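**Student:** Here it is, the structure in full.
The values are calculated or read from the model by the stated rules, or taken from the named source; none is laboratory data. Please read these numbers as outputs of a predicted model, since none were measured by experiment. Methodologically, a virtual Cβ is constructed for each residue, glycine included, from the backbone with ideal geometry; neighbour enumeration extends over all protein chains shown. With ligands, DNA and RNA removed, areas are computed over all heavy atoms of the protein, side chains included. Shrake-Rupley method; radii C 1.70, N 1.55, O 1.52, S 1.80 Å.
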Amino acid sequence: MSSTKSRIRSVFVFSVGELPKQQLLGTLAVNFKLLKVLDLQGAPLDKLHEAVGNLLHLRYLSVKRTKVEIIPKSIGNLQNLQTLNLKDSQVSMLQIVIFSRLRKLRHLIIPPRVKIREGIEHLEELQMLQYVEANDDLIKELENLRQLRKLGICYLKREHGKALRTAIEKMNHLQSLWVWAIGSDEILDLHSFSCPPVSLQHLYLNGRLETLPNWISRLDNLVFLKLIQSRLTGAHAIKALQALPNLIELNFFNGYDGEQLFFDVGGFPKLKSLYFRGLEGLNSLVREEGGLPVLKKLQIVCCPQLKEVPSGIRNLRELKSLVFWDVPTKFLDRMQPGIGQDYWVIEHIPNVQFVWYDEGGLFRVGTPREFQDVRESQRLNDEPEELEGVE
């Protein structure tokens, strides 16, 4: 028996539809006391029964994508619980008494709006803490979570920077760090690490930096970097990143305020995916010989000041996919097959996609040839019809 919306797994798999939803967990608690995995993802539940606290062998509990609003205090009885997944649920607050007893909890995944004022210092085995909302007490308690592999923290204020840096410096196993500022104009004060997290592989920063923190260039294990609303300035703003030996994917979203970006000789030796979006002042990309040697995917989105296709793309011999999205139509015209002055730059790339808005404001996706056909059709429609009988 199974359900595509919810799964309750021990030795058997049950369908939520077999029992009235209010009785389901109570029945499980009585008859399946050895249950270790309870996955209610997508189930039509708005309440988590107190009886779930009787499942003392439970190691995994998920109410992801349900309407559950309250996690009962009885959850604190689950001293073997290792994973609590509340993502996309309606839970808005977790009580301190719950954390004080869940000493084996390793993965805590919560919606960004969930408030945890304090109490997480007891979770010394925690390895994943995602989407937690920043406050003074919580950030101070992070210092005790030295086993963390993944940390995601949102609504960070500038004044939280020092305490967060102090906590992160004690997380010797940290592999993924996701930080959201409280607003797009809020500065992320993350510049002065005495000992950066050298094991870090994934870094996501959403907030103003203005200048790139120098410790990022020392993250030799970093493979993924995403910068949103960073507002870096200067043509060489990303110079410090280009020597990162293992960086594979780099995403910029409103991450740069300058007009030009330079890619140095030998820059980004292992980068395979490069994504630019919302660089409103950018008018040119300059790639020196040997830069981006293994790049396979390049996406340029919403860069309205771009004037011409960077000629350096011609020499990206490993490039397999190129996407231009929401750039000026005149810019795309330069790449029309056979007639566009910059078509020679991109003709060697197997997969080239344009995403644009037509004259009616409709969203269109197509190859350069399909874009050319649309432009030709528009041109013919715009030509005035000849009047019959006029020589």
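**Student:** Please specify each residue of the range 207-229 satisfying the condition of being open to solvent by 10 Å² or more (accessible area, probe 1.4 Å), modelled with pLDDT under 95 and assigned to a loop (DSSP other than H, G, I, E, B).
**Tutor:** GLU210, THR211, LEU212, GLN229
**Student:** Which of the residues that make up the range 84-131 are out of contact with any helix residue (DSSP H, G or I) (no Cβ under 7 Å at 6 or more places or on another chain), open to solvent by less than 70 Å² (accessible area, probe 1.4 Å) and on the phi > 0 side of the Ramachandran plot?
**Tutor:** TYR131
**Student:** Continuing with this model, one more query. Of the residues LEU247, LEU274, LEU279, LEU232, which is under 22 Å from the mean Cα position of the chain (by Cα), open to solvent by less than 40 Å² (accessible area, probe 1.4 Å), of a type outside the set (Ser, Thr, Tyr) and closer than 28 Å to ARG146 by Cα?
**Tutor:** Unique residue meeting the criteria: LEU247.
**Student:** Another question, if that's okay. Which of (1) within 23 Å of LEU174 (Cα to Cα); (2) of a type outside the set (A, V, I, L, M, F, W, C); (3) more than 24 Å from the chain's Cα centre (by Cα); (4) open to solvent by 70 Å² or more (accessible area, probe 1.4 Å) does GLN79 not meet, given it meets every other one?
**Tutor:** Looking at each condition in turn, GLN79 falls short on (1).
**Student:** Being among the hydroxyl-bearing types (Ser, Thr, Tyr) and crowded, with 17+ Cβ neighbours inside 10 Å is the filter here; which residues of the range 156-206 pass it?
**Tutor:** The answer is SER176, and nothing else.
**Student:** Still on this model: How many residues are assigned to a loop (DSSP other than H, G, I, E, B) and buried (at least 19 other Cβ atoms within 10 Å of the Cβ) if we restrict to the range 41-63?
**Tutor:** Residues in the range 41-63 being assigned to a loop (DSSP other than H, G, I, E, B) and buried (at least 19 other Cβ atoms within 10 Å of the Cβ): 7 in total.
**Student:** For the range 120-135, give me the residue count where each residue is part of a helix (DSSP H, G or I) and out of contact with any Lys or Arg (no Cβ under 7 Å at 6 or more places or on another chain).
**Tutor:** Adding up the residues that qualify gives 2.
**Student:** Does the range 304-316 contain any residue that is open to solvent by 30 Å² or more (accessible area, probe 1.4 Å), modelled with pLDDT of 95 or more and farther than 23 Å from LEU232 by Cα?
**Tutor:** no
**Student:** Something else now. Residue check: is VAL265 in contact (Cβ under 8 Å) with a residue 24 or more places away in the chain, surrounded by fewer than 17 Cβ atoms within 10 Å (Cβ to Cβ) and touching a helix residue (DSSP H, G or I) at 6+ places or on another chain (Cβ under 8 Å)?
**Tutor:** No: the conditions fail for VAL265.
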